[in-house]
Amino acid sequence: MRIWILSFILLIMVLIEATFTTVPIVLLLLISFLVLEKKSWVFSAAFFSGLALDILSLRFLGSTSLYFIIVLFIINLYERRFETANIYFVLFASFIGSFFYLTVFDIRFAFPQALFSAFLGSLIFFLISILSKKEKLGYKYRIGK
Amino acid sequence: MQKGKKYLSIFIVFLILSAIIFGLSKTGIFSYPASFVSSAFSPVQSRFLHFTIGIKSFDNRNLKEENLMLLSQMSDYQKLKEQNKSLLDQFQTSSPKSPSLLPADVIGAPSFIPGLSAPENLIINKGLKDNVKVGQAVIFKNNLIGKVEKVNQNISQVMLITNSNSSLTVVTGNEKNILGVLNGEGSGEMVLDNVLLSENLKNGDLVFTKGDVNLNLEGIPPDLIIGKIISVEKRPSALFQKAQIQGLIDITKLSTVFIVSGQ
């Protein structure tokens, strides 16, 4: 159930990014998913959402997927040595990930957009972590009963 | 350790898959599956965008429409005057073909902060199957919006004239005899450049396309409105003079545009 809700949120974000904004909100969401969930399905989500973005933004198919997967893998490598589930790491990863994304896909004003993305990424991380905590508490409560 | 190996194998699988798709997409093998996805999403995108445009365009709409209509009439008047003169002189031959217009819905207008910053491109719901080709002009009323930059089966990307990569030859002045190059500056701004210092640019003068069409009448037709001059930068030491151009159309509020499809 949980994975379907997260997939639905991701689909909405794909539509919003393709229709309204050049800020890489799908990437920001995937970073937060990986850092908080630490599950392998995030890679498949990155692959499919990247393909959808490529189609809707008329890019070469597979280019966004490639970028998303490489960024998530680098974050995953970092996670093996250090604690990544904190807002400072998300701020940093969102900034670097967004900056290179905007540069690779030739979107203007990469630096201010990356700065904005870093704060937006932290906000997304904050909201998802609150939702995760509530869900975990609910789960514990149900087990306790 | 096990978890790390699992991640590595998943990473490698998706990396290879993405690389294969990326490589094959250049051959056009995925154009039909991609068109299926884009046709499924484009109505949703269109509704999404039209809903927000409806909210934004509530204020000052009538005044702006009226202003636009008057400026369009002014350009039509100038055009008629010139045509009349040319016909009288029997110099102008009429074109055997007239371009046809293909209406298209705007389904995407990505910008940094929607509503605050101007988009650089538009996504429209017409593509190869509607005979849309790269380089065709996209207009609204008699204003040039941009030209088709990328096309797939169902959707196309339009590079706006304000895009920093956009550049075209334009004319201005009462007699439309002042030649210049219009460069997009991004963020909804345009600059008229390469105008000789001897020419007299005036604030409020309209800027028109010079025209760049092929035998099938595809490309940028002449006499389309680009915008009006809002400031002139003339320095005696410079080779050319420059002018800031303001578009007459608010691109963020467009829901339908027209592709000049030639034939």
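Structural remarks
- Residue satisfying all of: in segment B:203-218; within 19 Å of B:Leu248 (Cα to Cα) and assigned to a strand (DSSP E or B); nearest to the chain's Cα centre (by Cα) among these: B:Thr209
- Considering residues of segment A:54-100 that are surrounded by 15 or more Cβ atoms within 10 Å (Cβ to Cβ) and polar (S, T, N, Q) only, the residue farthest from the other protein chains (Cβ to nearest Cβ): A:Ser94
- Qualifying residue in segment B:121-143 (condition: farther than 30 Å from B:Lys26 by Cβ and either in contact with a Gly (Cβ under 6 Å, 6 or more places away or on another chain) or within 11 Å of chain A (Cβ to nearest Cβ) (or both)): no
- Counting only residues that are away from chain B (no Cβ under 11 Å) and not hydrophobic (A, V, I, L, M, F, W, C), segment A:106-125 holds 2 of them.
- Given (1) within 22 Å of the chain's Cα centre (by Cα); (2) at pLDDT 85 or above; (3) basic (Lys, Arg), number of the condition B:Lys176 does not satisfy: (2)
A quick yes/no check of all residues on (1) farther than 24 Å from B:Gly115 by Cα; (2) away from every other protein chain (no Cβ under 14 Å); (3) of a type in the set (Val, Ile, Thr):
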residue: B:Gln157; (1), (2), (3): no, no, no
residue: B:Leu160; (1), (2), (3): no, no, no
residue: B:Thr169; (1), (2), (3): yes, yes, yes
residue: B:Gly173; (1), (2), (3): yes, yes, no
residue: B:Ile178; (1), (2), (3): yes, yes, yes
residue: B:Asp193; (1), (2), (3): yes, yes, no
residue: B:Leu197; (1), (2), (3): yes, yes, no
residue: B:Gly204; (1), (2), (3): yes, yes, no
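- Residue that is modelled with pLDDT under 95, under 26 Å from B:Ile16 (Cβ atoms) and not polar (S, T, N, Q), where the choices are A:Phe109, A:Phe100, A:Phe73: A:Phe73
- For A:Thr103, the test of being surrounded by fewer than 22 Cβ atoms within 10 Å (Cβ to Cβ), part of a loop (DSSP other than H, G, I, E, B), touching a helix residue (DSSP H, G or I) at 6+ places or on another chain (Cβ under 8 Å) and more than 10 Å from every other protein chain (Cβ to nearest Cβ) is failed.
- Filtered residues of segment B:174-190 (kept if under 21 Å from B:Asp223 (Cβ atoms) and touching a strand residue (DSSP E or B) at 6+ places or on another chain (Cβ under 9 Å)): B:Lys176, B:Asn177, B:Ile178, B:Leu179, B:Gly180, B:Val181, B:Leu182, B:Asn183, B:Gly184, B:Met190
- The selection criterion, being closer than 17 Å to B:Ala109 by Cα, over 13 Å from the mean Cα position of the chain (by Cα) and outside any helix (DSSP H, G or I), holds for A:Leu58.
- Of the residues in segment B:93-100, none is at the interface with chain A (Cβ under 9 Å from one of its Cβ atoms), modelled with pLDDT under 85, assigned to a loop (DSSP other than H, G, I, E, B) and surrounded by fewer than 17 Cβ atoms within 10 Å (Cβ to Cβ).
- Residue in segment A:28-48 that is touching a strand residue (DSSP E or B) at 6+ places or on another chain (Cβ under 9 Å) and either more than 9 Å from chain B (Cβ to nearest Cβ) or of a type outside the set (S, T, N, Q) (or both) present: no
- Of all residues in segment B:17-48 being assigned to a loop (DSSP other than H, G, I, E, B) and under 26 Å from the mean Cα position of the chain (by Cα), the one that is farthest from the other protein chains (Cβ to nearest Cβ): B:Gly28
- Residue match in segment A:108-117 (condition: under 30 Å from B:Ala40 (Cβ atoms), crowded, with 19+ Cβ neighbours inside 10 Å and touching a residue at least 12 places away in the same chain (Cβ under 8 Å)): yes
Residues are listed down the side, and each one gets a yes or a no for (1) touching a residue at least 60 places away in the same chain (Cβ under 8 Å); (2) within 30 Å of A:Leu58 (Cα to Cα):
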position: B:Ile155; (1), (2): yes, yes
position: B:Ser164; (1), (2): no, yes
position: B:Thr169; (1), (2): no, yes
position: B:Asn177; (1), (2): no, no
position: B:Met190; (1), (2): no, yes
position: B:Val195; (1), (2): no, no
position: B:Leu201; (1), (2): no, no
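The values are calculated or read from the model by the stated rules, or taken from the named source; none is laboratory data. Source: prediction; values computed, not measured. Quick reminder, even Gly has a Cβ in these numbers, built from the backbone with ideal geometry, and neighbours come from all protein chains shown.
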